[in-house]
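*Asks:* What follows is a structure written as structure tokens; I'll ask about it next.
The values are calculated or read from the model by the stated rules, or taken from the named source; none is laboratory data. Note that the coordinates shown come from a computational prediction; the quantities given were computed from them, not determined experimentally. A quick note on method: Cβ atoms are made from the backbone with ideal geometry, for glycine too, and the neighbour counts reach across all protein chains shown. For the accessible areas, the whole protein counts, side chains as well, though only heavy atoms, and no ligand, DNA or RNA atoms are used. Shrake-Rupley method; radii C 1.70, N 1.55, O 1.52, S 1.80 Å.
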Amino acid sequence: MRPIKAFAIFAFVALTLSSTAAFATRAVEIEDREVPIVSVSDKALTQAAVKKAIMIGAQTHSWQIKKDAPGKIQLHLDYKGREQLTVDVAYDTKKYVIKYVDSELLKYKDHGDGRRTISGHYARWVQNLVTAINAELLRQQ
């Protein structure tokens, strides 16, 4: 593994571990998570490669694929048979975007003024998903 690739993977893991503990105990605002696809080589990723990375990254953390359409995958997480979360992941060769769809037992609240909040578990699970997808994207380069 090349040094820059190894460093990039290490950085993603380190950021995830340092930021996830704080998310679990408080409500967070739901925001779409847009993630640029960073290339560490001259090799451009195809849309099929991005899709594969999303699917493999999702399975790393027990997300199930609910729907699969060109440029969009819907993922569902069932945490210990209690909390459940569904997100859409829209993607192309430049970025992917994770959007909240639905949840169960995650204290979702629509405040009526455009703000929506949810249990901090949401932020942690989405961050774990992003980290796994990014690691897989790096492996494919």
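*Asks:* In Å², what does the accessible area per residue of the range 23-118 work out to with a 1.4 Å probe?
*Replies:* On a per-residue basis, the range 23-118 sits at 61 Å².
*Asks:* Say a paramagnetic label sat at a point 7 Å from the Cα of ASP92, along Cα to Cβ; which residues of the range 33-75 have their backbone N under 19 Å from it?
*Replies:* Of the residues in the range 33-75, 33-39, 44-54, 69-74 have backbone N under 19 Å from the label point off ASP92.
*Asks:* Under a point-charge model restricted to the Cβ atoms of Lys and Arg (+1) and Asp and Glu (-1), what is the dipole moment magnitude of the range 71-110 relative to its Cα centre, in debye to the nearest 20?
*Replies:* 160 debye
*Asks:* Mind listing the long-range amide H neighbours of ALA27? Cut-off is under 5 Å, sequence gap 5 or more, other chains count too, H placed in the peptide plane at 1.01 Å from N.
*Replies:* GLY120
*Asks:* Which whole-Hz couplings ³J(HN,Hα) result when phi for each residue of the range 60-72 is put into the Karplus expression 6.51 cos²θ - 1.76 cosθ + 1.60, θ = phi - 60°, listed in order with x for Gly and Pro?
*Replies:* Once θ is set to phi - 60°, the couplings for the range 60-72 become 4, 10, 6, 6, 9, 7, 8, 9, 9, 10, x, x, 7 Hz.
*Asks:* Something else: Once label points are set 7 Å from the Cα along Cα→Cβ at both LYS66 and ASP78, what is their separation, rounded to one decimal in nm?
*Replies:* 1.2 nm
*Asks:* Search the structure for amide H atoms under 5 Å from the amide H of TYR96, placed 1.01 Å from N in the peptide plane, and list their residues when 5 or more places away or on another chain.
*Replies:* When sequence neighbours closer than 5 places are left aside, the close amide H contacts are VAL35, ILE37.
*Asks:* With the full set of protein chains in place, find how many percent of the accessible area of the range 32-85 is carbon and sulfur; take the probe as 1.4 Å.
*Replies:* The value for the range 32-85 is 49 percent carbon and sulfur by accessible area.
*Asks:* Go through ALA27, ASN134, ILE73 and say which Cα lies farthest out towards the positive end of the charge dipole of the range 18-141; charges sit on Cβ, +1 for Lys and Arg, -1 for Asp and Glu.
*Replies:* ASN134
*Asks:* Also, quick follow-up: In whole angstrom, note down how far apart the Cα centers of the range 28-89 and the range 100-115 are.
*Replies:* 20 Å
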